[in-house]
Amino acid sequence: MLQMIIAGGWLMLPIIACSVIALTIIVERFWSLRRSRVLPAKLINTLHAWAKVGKVPQINLDKIAVKSPLGRVVVAGLLNRNQGREIVKESIEETGRHVTHELERFLNTLGTIAAISPLLGLLGTVSGMIKIFQVVAVQGNSDFGLLALGISEALVTTAGGLTVAIPSLLFYRYFRGKVDGLVVGMEQQAILLVDLIHSSVMAEQP
């Protein structure tokens, strides 16, 4: 492995750096985008229990699981539950936009790595071909050792770039789809919360 990296030349350094960053992002996003963390079942069950009763009880917000994205959306709505329906909805939507942005954290970086890694490999291919032509121009095609160095750099960097780019692109698409699914889940619960708060306010009015 070390010999292959050396054969790829200096362009293997940014490719390796991209692979380390991509792996770090993938592990971090797997941890952060767990459904149990974003949409905790306990909080969803609480919302559904309120739906069965048809109103939101007077509760201490500290008792809500605010350490989750859905919890933040719920608290934003409950803090404004005595306001009009539109204000409640706007507060939930605003918090939801911030939460969605956090869910998408680092995904642009992962997508960028998926895009530039094959370009780095292509640059290595071009660099290797230039070395080959330089050797041929100066010494002819008799020095197979020098020719092999140029060919190795061309092939190794191309393979390295694709090895980083392919899984990066796959996980980028996967996490994008997962974020979209989680956002849809939060929107469903947010709509339920808005209706519950509106029902509670209407029930409290004489």
Sole miss for Val184 among (1) loosely packed, with under 15 Cβ neighbours inside 10 Å; (2) in a helix (DSSP H, G or I); (3) modelled with pLDDT under 90 is condition (3)
Taking first residues from segment 98-124 that are closer than 19 Å to Leu182 by Cβ and second residues anywhere that are surrounded by fewer than 18 Cβ atoms within 10 Å (Cβ to Cβ) and among the charged types (D, E, K, R), the pairs with Cβ under 7 Å that are 6 or more apart or on different chains are Phe106/Glu28; Leu107/Arg176
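I'd like the residue in segment 123-153 that is at pLDDT 75 or above and in contact with a helix residue (DSSP H, G or I) (Cβ under 7 Å, 6 or more places away or on another chain) and, out of all such residues, is nearest to Pro14 (Cα to Cα).
Going residue by residue through segment 123-153, those that are at pLDDT 75 or above are 123-130.
Those left that are additionally in contact with a helix residue (DSSP H, G or I) (Cβ under 7 Å, 6 or more places away or on another chain): 124-125, 127-129.
Numbers: Gly124: 11, Thr125: 15, Ser127: 15, Gly128: 16, Met129: 19 Å.
Checking each candidate, the answer is Gly124.
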Picked from segment 68-92 (must be without any contact (Cβ under 8 Å) to a residue 24 or more places away in the chain and charged (D, E, K, R)), the residue farthest from Arg176 (Cα to Cα) is Glu86
(1) among the aliphatic types (A, V, I, L, M); (2) modelled with pLDDT of 80 or more; (3) over 26 Å from Arg173 (Cα atoms) all hold for Ala51 apart from (2)
Of those in segment 87-125 that are surrounded by fewer than 14 Cβ atoms within 10 Å (Cβ to Cβ) and more than 16 Å from the chain's Cα centre (by Cα), the residue nearest to Ala190 (Cα to Cα) is Glu94
Condition set of a type outside the set (S, T, N, Q) and within 17 Å of Arg97 (Cα to Cα), scope segment 54-73, selection modelled with the lowest pLDDT: answer is Val66
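The values are calculated or read from the model by the stated rules, or taken from the named source; none is laboratory data. Here the structure is a predicted model, which is why all the values come from computation and not from measurement. Glycine gets a Cβ as well: all are built from the backbone with ideal geometry, and neighbour counts include every protein chain shown.
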